[in-house]
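The values are calculated or read from the model by the stated rules, or taken from the named source; none is laboratory data. What you see is a predicted model, and the numbers here were worked out from it, not measured in a lab. No Cβ is skipped: glycine too gets one built from the backbone with ideal geometry, and neighbour counts run over all protein chains shown.
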Amino acid sequence: MLPPIEEIETERIHAKDDKARKASRRSIDVDMNPMVDLAFLLLTFFMLATTFSKPQAMELLVPAKPDEEEAERETPVKESKTLSLVLREDKVVWYRGITDPATAELPYENGPLLDLLGSHNAEIDGLVVLVKPLPESNAENLVTVLDALNVSNVQRYALAEPSAFDLEFSEEDAVPVNNRENPVP
């Protein structure tokens, strides 16, 4: 038979449960050193095994600024040996000489541009190409022309400021008075 409720010692029963629970819990001690070692080994491996991308840049050789005395002694370039390329937004305007030149237009495609540069480089000994980018042209157009100069094996070329004659091409409707469809090379 069951004893009456007043006689049951509830504190003693609960005390046994707490002690049993505390006794069954064990402290767990995890050593983190091997995990840290593994993390640093993996980090070191991936740093050493990874190849970083190398920056790609076009190499431009820029001459040093000459002294005033040396500038006077420089041999001027003959007009017959110059070829000017005026870079517009969508086309290249080219002409030979400086005084009263005849102009023509080319697209930025490599075929016509390479043909022009290759033929002039073959027939003119000591050809000097003046590349004159207008404000509306972009860097991609300049790189296309510089690549075409390198492929055509043109030895002497320079970036130049556009002259007043060249700036006439900047306006969309402006065409120089002396423009011919097929200028004589």
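Listing for the model above:
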{"quantity": "Residue in the range 77-100 that is assigned to a helix (DSSP H, G or I), farther than 26 Å from residue 168 by Cβ and over 27 Å from the mean Cα position of the chain (by Cα) present", "calculated": "no"}
{"quantity": "Near pairs, Cβ below 9 angstrom, 6+ apart or cross-chain, from the range 158-180 (closer than 19 Å to residue 129 by Cβ) to any residue that is at pLDDT below 60 and surrounded by 14 or more Cβ atoms within 10 Å (Cβ to Cβ)", "calculated": "165/176; 169/176"}
{"quantity": "Single condition residue 120 does not satisfy, out of (1) touching a strand residue (DSSP E or B) at 6+ places or on another chain (Cβ under 9 Å); (2) in a helix (DSSP H, G or I); (3) free of Cβ contacts under 8 Å to residues at least 60 places away in the same chain", "calculated": "(3)"}
{"quantity": "Residue list for the range 146-172, restricted to those being within 22 Å of residue 63 (Cβ to Cβ) and in contact with a helix residue (DSSP H, G or I) (Cβ under 7 Å, 6 or more places away or on another chain)", "calculated": "148, 149, 152, 153, 154, 157"}
{"quantity": "Residues satisfying the stated conditions in the range 86-108, i.e. surrounded by fewer than 20 Cβ atoms within 10 Å (Cβ to Cβ) and more than 16 Å from residue 167 (Cα to Cα)", "calculated": "97, 106, 107, 108"}
{"quantity": "Residue match in the range 104-111 (condition: part of a loop (DSSP other than H, G, I, E, B), free of Cβ contacts under 8 Å to residues at least 12 places away in the same chain, over 24 Å from residue 169 (Cβ atoms) and within 27 Å of the chain's Cα centre (by Cα))", "calculated": "no"}
{"quantity": "Single unsatisfied condition, residue 111 versus (1) loosely packed, with under 14 Cβ neighbours inside 10 Å; (2) at pLDDT below 85; (3) in contact with a strand residue (DSSP E or B) (Cβ under 9 Å, 6 or more places away or on another chain)", "calculated": "(3)"}
{"quantity": "Subset of the range 74-104 [of a type in the set (D, E, K, R) and under 18 Å from residue 152 (Cα atoms)]", "calculated": "81, 96"}
{"quantity": "Odd one out for residue 178, checked against (1) at negative phi; (2) at pLDDT 80 or above", "calculated": "(2)"}
